[in-house]
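As structure tokens, the structure follows; a few thoughts come after it.
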Amino acid sequence: MTSTALSPDRPATSRRPVRAGRPLTRASGLGFGVAMMWFSLLVLIPLAAVVVTASAGGWSAFWQAVTNEQTAAAIELTVGTAFAVTLVNIVMGTMIAWVLVRDRFFGKRALEILIDIPFALPTIVAGLVLLSLYGRTSPLGIDIANTRPAVFLAFLFVTLPFVVRTVQPVLAELERDVEEAAMSLGASRFTVFRRIILPSLTPAIAAGAALSFARGVSEYGSLVLLSGNLPMKTEVTSVRILSSIENDNLDSAAAVATILLAISFAVIVLLDVIQRRMVRRG
Amino acid sequence: MASHPSTRTRRGPVTYLVRLLVIAYLFLLVAWPVYLVGKNTFADGMDNINGILDDPDIVHAISLTVQVAIIAVVINTLFGVGISLLLVRYDFPGKRLLSALLDMPLSVSPIVVGLALVLVYGGRTGWFGPALESAGFQVIFATPGIVLATVFVALPLVIREVVPVLEEVGEEQEQAARSLGANAWQTFRRITLPSIKWGVVYGVVLSLARSLGEFGAVKVVSGNVLGETRTATLVVEEKYLNFDKGGAYATAFLLALVAVACIIIVSVIRPKEDR
């Protein structure tokens with residue numbers, strides 16, 4: 001296997017310490033303090049500032065900012081497209097993971113590298129890359145630049161690795177005996193997949209889907225050149241926030257950003273729950 | 001579980017169909033578009049590449065990007081290894097919450113990252129910005145802001161690589177070293193570090209790829225001043241929007257080259273683990 005390297009999420013065995021650790025000593029306590037101070041200054045305080053700024057004007061100002069016609073359209077487009085893309089990823093991602101683990105053919109390693117490209121490629125470059133095949137100069141004659149399908153395509157590209165890389169390690173660890181037993185008892189391959197493989201993969205698929213949804217909702221860079229950012233049509237939430245920032249309207253930017261933060265946070269909580277369940281199952 | 005002979009013998013038409021579908025999907029979504037950027041870059045021979053390398057502003061942007069990425073990687077490596085050790089080897093209240101919060105940067109929109117930093121470090125209205133500015137330290141619209149944004153977005157990558165390795169190697173050797181009289185630093189340098197070496201290396205390579213390519217967050221905090229705070233990814237956007245497609249393709253090609261190189265390096269050096 002080449003890389004779970006770029007895997008947005010490692011298999012469930014990790015992350016969660018199994019043994020109870022030691023209490024902090026004086027030296028490690030100092031290190032902990034320094035690390036937490038840095039983490040607070042860099043991440044926690046700035047993210048808190050977004051929420052505080054959003055709530056500074058009270059509920060009505062917040063509600064007004066996020067239900068503004070153009071903003072609401074942007075949020076609807078972003079969430080709707082991210083949801084649709086996640087559904088595609090659940091099917092295609094599982095299929096790709098299955099091919100990578102169970103199938104054998106020449107050139108499979110190249111596929112492994114292709115999966116990781118969307119994760120490592122700068123998002124602005126991703127936009128340019130997609131534009132070269134699906135833009136005005138498309139050799140296929142498909143020009144979807146500045147349309148809603150372009151938003152879908154960009155999300156599809158940037159979220160490609162998530163389901164694949166969460167499902168792949170779990171699939172690789174599955175015991176084959178059970179499947180072979182089921183087959184020897186006359187179960188069809190479809191039944192084996194549905195009754196034996198799929199249930200064990202469900203938590204991993206759910207985790208990958210959650211990550212892919214979160215990534216889609218927060219996407220910005222790949223859309224800049226591809227979607228044209230037309231208000232009410234192809235403008236996504238991040239672009240909407242950016243234009244508020246550029247118009248020096250930080251309050252309304254913070255209000256919309258709070259919605260995105262709430263989605264990210266919900267996804268993280270969900271992942272934590274899923275991972276705990278996976279660990280318990282062993 | 002190296003090989004499963006049974007799969008090789010049991011191949012139905014469905015197997016081939018799924019394989020074909022997957023290959024076609026990846027070809028249309030990733031391989032062909034990426035190839036076209038390379039092709040467009042070299043459509044006029046080396047002209048596009050030479051064009052950007054002769055432009056001092058672009059060279060400045062590239063060198064700024066590299067410097068920022070290196071600083072960000074160093075910070076994230078030190079922080080990442082430290083926090084991983086604390087998470088795995090020590091117990092403290094709020095550990096589960098911290099572990100979840102550390103993943104936050106992966107799912108936050110880069111624009112929100114930029115906004116968050118502006119709200120705190122912005123020179124005019126930020127929480128700490130005005131105080132820092134009167135002390136002569138400008139963060140937003142200057143290099144420190146770009147570094148902060150880059151560190152933010154790449155923060156979890158080293159941790160995600162190192163934590164699983166630390167858990168896997170366990171604590172026995174470290175305890176043995178300590179019981180033989182090694183102090184904390186000696187234990188870390190002689191025992192812990194060698195065993196997590198590859199985890200750290202992967203984390204560094206991934207952070208490097210992510211740091212070189214950050215766009216949205218940097219766009220918000222950098223001010224995008226030509227020859228000063230414009231980074232390589234911002235050059236791609238600016239060139240494209242100003243109809244200099246050759247320049248945009250060439251810069252994008254260089255960035256893509258580094259990204260793909262990082263993936264290949266990781267995939268080659270990662271030992272054939274778990275399967």
Cα gyration tensor shape for chain B, rounded if a/c is under 1.5, else prolate or oblate: oblate
With all protein chains modelled, accessible area of A:F190 [1.4 Å, Å²]: 140
Residues whose placed amide H lies under 5 Å from that of B:Y90, excluding near-sequence neighbours: A:R22
When the convex hull of its Cα atoms is projected in every direction, mean area for the range B:53-202 (nm²): 12.4
Most mobile listed residue (B:L86, B:L226, B:L21) in chain B, GNM with C-alpha springs under 10 Å: B:L21
Around A:V164: net Lys/Arg minus Asp/Glu count, Cβ-Cβ under 10 Å: -1
Modelled FRET efficiency - R0 56 Å, A:R104 with B:S134, Cβ distances, 0.05 increments: 0.30
Rounded if a/c under 1.5, otherwise prolate or oblate - the range A:73-212, Cα gyration tensor axes: prolate
Theoretical ellipticity at 222 nm over chain A - DSSP helices of four or more residues, -39500 (n - 2.57) apiece, nearest 500: -23500 deg cm²/dmol
DSSP H segments from chain B that extend 27 Å or more along their own axis, Cα-based, with Kyte-Doolittle mean of 1.0 or above: B:56-89, B:143-169, B:193-213, B:245-269
Global size of chain A as Cα Rg and Dmax, reported in angstrom: 21.9, 68
Pair A:L230, B:L20: separation of 7 Å Cα→Cβ label points (nm): 3.7
Pair A:R148, B:L193: separation of 7 Å Cα→Cβ label points (nm): 5.6
Separation in nanometres of the label points that stand 7 Å from Cα toward Cβ, at B:T125 and B:L78: 3.4
P(r), alpha carbons of the protein assembly as shown - 10 Å bins starting at zero, rounded %: 3, 17, 28, 27, 17, 7, 1, 0
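If you take the beta carbon distance between A:L41 and A:A72 as r and set R0 to 41 Å, what does 1/(1 + (r/R0)^6) give as a FRET efficiency, to the nearest 0.05?
Given R0 = 41 Å and the Cβ-Cβ separation, E is 0.75.
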Contact surface B-A: accessible area buried, both sides summed, square angstrom, 1.4 angstrom probe: 10100
The range A:136-240: mean projected area of Cα convex hull, nm²: 9.1
Förster radius 41 Å - calculated FRET efficiency between A:L185 and B:E168 (Cβ-Cβ, nearest 0.05): 0.65
Surrounding net charge for A:N89, when Lys and Arg each add one and Asp and Glu each subtract one, Cβ distance under 12 Å: +2
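The values are calculated or read from the model by the stated rules, or taken from the named source; none is laboratory data. The structure presented is a predicted model; accordingly, all values stated were derived computationally and were not measured. For neighbour counting, all protein chains shown are included, and Cβ atoms are generated from backbone atoms with ideal geometry for every residue, glycine included. With ligands, DNA and RNA removed, areas are computed over all heavy atoms of the protein, side chains included. Shrake-Rupley method; radii C 1.70, N 1.55, O 1.52, S 1.80 Å.
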